[in-house]
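Asker: If you scroll down you'll find the structure; I have some questions about it.
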Amino acid sequence: MTQEPDVDAVIRRRIRSLRLARGWSLENLAARCGLSPSTLSRIETGHRRIALDQLVPIARAFGTTLDAIVQSQSDQDVVIRPQPGHSRGLTTWVLSSEEGIYGKTVAKMRITPDRQEELGTHPGRDWFTVLAGIARLELGERSILVHPGEVAEFSTMVPHAICAHEGPVEILTIFNHDGERAHLHGASGHHDG
């Protein structure tokens, strides 16, 4: 596997940083990935060429993917410029990149009282925190008020809807893949971009 020198250096630093963040010695990592401690030391210090057949077991040892180990370090990946998506009573800003954060999508939503309350279900769990205003969580037969700074987490197999209570509400929410499809690309189709 050939890399540009700067990409090679990023990969080496990333491996060392992941190892140190876990408090592992070279011997600990070696035991987990099947490479010798001296090979790992030479990889981290740049005294050995990095090969694909070495990166795969190293990534596995860290519980991550090869993509995560070799991903670009460009500035484009740092700043997300969300564009609002609109539907009646709802504005949504997707705050995570297309890949999401470990399969999750982060979004900010502004909900007004004129949003239609349609209870829905989907596999998984939803999580949100209220930034401003008061949210009314319709959860099955219950109606729960969630105030600024409070967090709601619930099974999404229970029919649910997040509504504004007595005025606009802004929330920060995290969806898994099923939640993203249901809330951002669902029947109301409010995600414009």
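Nothing in this text is a laboratory measurement; each read-out follows from the coordinates by a stated rule. All values derive from a computational prediction rather than experimental measurement. We place every Cβ from the backbone using ideal geometry, glycine too, and count neighbours over all the protein chains shown.
Asker: Could you pull out the GluC sites (Glu not before Pro) across region 122-173 that fall in loop regions by DSSP (anything but H, G, I, E, B) with no more than 10 other Cβ atoms inside 10 Å? Could you put the intermediate results ahead of the total?
Answerer: Values: sites: GLU138, GLU141, GLU150, GLU153, GLU166, GLU170; in loops: GLU141, GLU150, GLU166.
Listed in order of number, the matching sites are GLU141, GLU166.
Asker: What FRET efficiency do you get for SER38 and ARG13 if R0 is 22 Å and r is their Cβ-Cβ distance, rounded to the nearest 0.05? Write out the running numbers ahead of the final one.
Answerer: Numbers: r = 19 Å, r/R0 = 0.87.
Plugging the Cβ-Cβ distance into 1/(1 + (r/R0)^6) gives 0.70.
Asker: Taking the Cβ-Cβ separation of LEU172 and LEU20 as r and a Förster radius of 25 Å, what is the calculated FRET efficiency to the nearest 0.05?
Answerer: Efficiency at R0 = 25 Å is approximately 0.20.
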